[in-house]
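Asker: Just passing along the structure, written as structure tokens.
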Amino acid sequence: SDKMVSQHELPLDTPILYLKCEEAFAGLTSRERHYAHHLSRASWWGGLIVLCQTSPESPTIFSLLTHVLRSQPIDTLKEVALNKAGFTEDEFQLLLIYYSGLVYNMGNYLGFGDRKFVPSVSREKLEMLIKASKAYLEAPDVIQDYIDTSMGPIYNLEENKRFLGMPTTGITMYFTPNCTQEDADLAKEYMAARNIESWNNRLLKYEDNGEIILDIRLASIEQGESKGITVNLDEFQGHKFRVSRGDHSYFLKKITEELRLAKEYTANDGEGQMLDKYIECFTTGSVQAHKDGSTFWVKNKSPAVETYMGFIEVYRDPTNQRAEFESFVAVVNREQSRKFDTLVSRAEKEFLPLLPWGREFEEDVFMRPDFSSLDIMTFASSGLPIGINIPNYKDVKEEQGFKNVSLTNVMAARTGIKGGPFLSDADRALVEKHGALGLEIQVGLHELLGHGCGKFLRRKEDGTLNFDQDKVKNPFTGGKATFYEKGENYYSRFTNLASAYEECRAETVALYLDLVNDILDVFGVAEEIREDLKYVMWLDMFYAGLKGLEMYQPSQRKWGQAHSQARYVILRVALEAGQGLVTITETTGEDGLPDLLLTLNREKIHDVGHKAMGEFLKKLQVYRSMGDSDAGRAMFEKYSEVPESGEYPFAKWHEIVVRKRRPRMILAMPNTRIVGDDVELVSYPEMIDCVTKSWVDRFTPHEYDSIEAALKSYIESWTK
């Protein structure tokens, strides 16, 4: 059906934006720029691995469309499309949007939501354009081969092709198509029994000498056997296992070549040791080498140029074990980091005492979460987050710590998206004016004070309590305060609610402290915009709560995303406070369909709003401190409900929110090039073709030929 297909297309109003890092890059020394340049090159080579981790057709679609787009100027290709292939202007734009989506997600499935997307141009027209292109004229055999292998899959929206998932019901490259859920479970047990971690592998199943083999294939440059890494044949619960290596070898080799060049420009020994360990991991397939590299990375505090690369996030493996390749290069935004440092240094004496739960429920010493603010220069993976907390290795995190990073320019880009439903014109104008600054303050407060504040009442290893039982009482009952026993922690008590509840606490802390003028001064907020900014920060939170409804799954009555649930809960608290603080009214849109209008009463923020959030925050914190998950769960689940009826029938409104969903942005990133003794940043004006142009420039024609060959050989042999 058309409605089904449209969900799998990227619309004409998809925001295509350019990620700015010019200011931060200009602040680097020549040596730092060279370091950043080689890391950026390594990242772009590595990102191509993601094509091979997404779908069987992704590498071929990438090769085909990139070849067509790099063989002649885009304007000339557009003339061909309009004059020889029957395209309209919109259809050519939609083709550029499809290609931009392909390279931004590194495949034809969305990085956020795992949904397949297809071109909005018919197959006939796309084929006509390709056959009339200069690329086809120059290399008809190569291009025809690409057409034959990829055209069917590009447009295929059969039930089991629409989303990523385990074989037969979905698409995955982490398992060969003949693998079953049983095979996946068995491999998980085998790896646990043999102490193999699955970050950099995938599972193949094939017949060898009449026996079925489950082959765990590691990503590495080296092929063949290696003691302690590969296993030729192993019996486990009556099944035959093999651990082999050599996956993605071409791209890993290109990464290590650039990392060796980057080593000439490191800022300290730790960075050199970190790069050596990454090179070892990519060369041999050793996960331990990557853990060692991550340890050097964690210890390298606040470098001017920040980078992390490898097989990191496991969201897209249907069993959440195997990781997608990602690599980023970022530059510390020194100006913003200074504001965050001031906020932290004044937190303990000035700002934390303003929180509504009193001394007993606050840590004796404020521990600053390691958090820095970066501008991304390069991010090669299936899309960009706005913040990251890594490494993901539990042992490294516990023994060495971790880094908490806010990607400032990604957030700033997001606020550049104009328009948006559910607000009045006046409110929308205010949000567009102050949204970026509001977000910066909200994120700083959320990450540094929100996640950093509050105490857990617990029994220590020596058997004593970390609080005075006679003094600390449950403020809601007057009875004794409960606490965490040894071996218990927040996650073991709050289980499946832990993430959303903690995000909600951090968001509410930020909302509560947004109103403090001394804090706004830290961020350099001019006195005349103070009240407008507070209004925008509060409005934006409630707006996010309403919009977050799109992440609710009505059929399963569950929330798909912790942050969205957290903000919806905050909206419900504000609505419950009443007195006209927040109202949502159902209206009729210009298209005659139901619409919504969200309003916030500016006069009520400081009294009604502040009081309601204070009371809610006190409960959130006290229940968390005492490990009282029964009371915490009862409260949180009540606010998380999505009612069918009443004054605010959110279940009925879910349809409106989903229908008015804005397309997710696609970002173009700069390139770098060596000019004489320096490195310059190549920027792209924010236009519909900026992502395409940045990719055409990313590699030389000779490099692109070698990329096409490497992708082709991977796809021809990935099931063997």
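Asker: State whether the range 313-417 is rounded, prolate or oblate according to the following rule on the C-alpha gyration tensor (a ≥ b ≥ c being the square roots of its eigenvalues): a/c under 1.5 gives rounded; otherwise a/b larger than b/c gives prolate, and the remaining case gives oblate.
Answerer: Note, shape of the range 313-417 comes out oblate.
Asker: Right, next: Using R₀ = 22 Å, calculate the FRET efficiency as 1/(1 + (r/R₀)^6) where r is the Cβ-Cβ separation of residue 652 and residue 579; round to 0.05.
Answerer: Efficiency for this residue pair is about 0.35.
Asker: Select from the range 271-346 those trypsin sites (Lys or Arg not before Pro) which occupy a DSSP coil region and have at most 15 other Cβ atoms within 10 Å, ordered by residue number.
Answerer: Counting only loop positions with at most 15 other Cβ atoms within 10 Å, the trypsin sites (Lys or Arg not before Pro) in the range 271-346 are 301.
Asker: Could you give the nm distance between label points at residue 461 and residue 145, where each point is 7 Å from its Cα heading toward the beta carbon?
Answerer: 6.1 nm
Asker: For the range 404-457, run through the trypsin sites (Lys or Arg not before Pro) and keep only the ones in DSSP coil with at most 10 other Cβ atoms within 10 Å of their Cβ.
Answerer: Listed in order of number, the matching sites are 418.
Asker: Sticking with the crude label model, points 7 Å out along Cα→Cβ, report the distance from residue 601 to residue 700 in nm, one decimal please.
Answerer: 6.8 nm
Asker: What percentage of the solvent-accessible surface of the chain, computed with a 1.4 Å probe over protein heavy atoms, is contributed by carbon and sulfur atoms?
Answerer: 50 percent
Asker: 7 Å from Cα along Cα→Cβ at both residue 709 and residue 132: what's the point-to-point distance in nm?
Answerer: 3.3 nm
Asker: Bin width 5 Å, origin at 0, all Cα-Cα pairs of the range 596-701: what percent of pairs per bin?
Answerer: Binned Cα distances yield the sequence 2, 8, 9, 9, 10, 10, 9, 7, 8, 11, 10, 5, 2, 0.
Asker: Extension gain residue 468-residue 240, at 0.36 nm per residue separation less the Cα-Cα distance, in nm?
Answerer: Going from the current span to full extension adds 76.3 nm.
Asker: With a 1.4 Å probe and all protein chains kept in place, how do 32, 398 rank by accessible area, largest first?
Answerer: Largest to smallest exposure gives the sequence 398, 32.
Asker: Separate question: In the chain, once you exclude exposed chymotrypsin sites (Phe, Trp or Tyr not before Pro) (DSSP loop, at most 15 other Cβ within 10 angstrom), what's the longest stretch remaining?
Answerer: Result for the longest clean stretch: 477-720.
Asker: Related question: Taking only DSSP H segments of four or more residues, each worth -39500 (n - 2.57), what value at 222 nm results for the chain once the sum is divided by all its residues, to the nearest 500 deg cm²/dmol?
Answerer: Using -39500 (n - 2.57) per qualifying helix, the result is -14500 deg cm²/dmol.
Asker: Rounded if a/c is under 1.5, else prolate if a/b is larger than b/c, else oblate: which is the range 181-288, with a ≥ b ≥ c the root eigenvalues of its Cα gyration tensor?
Answerer: prolate
Asker: Eigenvalues of the Cα gyration tensor times 5, then square-rooted: what semi-axes does that give for the chain, in whole angstrom, largest first?
Answerer: In descending order the semi-axes read 42, 32, 27 Å.
Asker: OK, next. Looking at the range 578-642, which trypsin sites (Lys or Arg not before Pro) are in a loop (DSSP not H, G, I, E or B) and have at most 10 other Cβ atoms within 10 Å?
Answerer: none
Asker: Would you kindly state how much longer the chain becomes between residue 631 and residue 211 on full extension, computed as 0.36 nm times their sequence separation minus their alpha carbon distance, in nm to one decimal?
Answerer: That pair, residue 631 and residue 211, stretches by 145.7 nm at full extension.
Asker: While we're on this one: How many lysine pairs in the range 319-462, separated by 8 or more positions in sequence or lying on different chains, have Cα atoms less than 29 Å apart?
Answerer: Summing the qualifying lysine pairs gives 18.
Asker: Which parts of the range 373-402 would a label at residue 345 reach, counting a residue when its backbone N lies under 19 Å from a point 7 Å out along Cα-to-Cβ?
Answerer: What the label zone holds, given the 19 Å backbone N cut-off, is 373.
Asker: Can you give the extra length, in nm with one decimal, that the chain gains between residue 354 and residue 429 once fully stretched, where that is 0.36 nm per residue apart less the Cα-Cα distance?
Answerer: 23.8 nm
Asker: Provide the per residue accessible area, probe 1.4 Å, for the chain, rounded to a whole number of square angstrom.
Answerer: Accessible surface, normalised per residue, equals 42 Å².
The values are calculated or read from the model by the stated rules, or taken from the named source; none is laboratory data. No experiment lies behind these values; they were computed from the predicted model shown. Quick reminder, even Gly has a Cβ in these numbers, built from the backbone with ideal geometry, and neighbours come from all protein chains shown. Accessible surface is based on the protein model in full, side chains and every heavy atom, while ligands, DNA and RNA are left aside. Shrake-Rupley method; radii C 1.70, N 1.55, O 1.52, S 1.80 Å.
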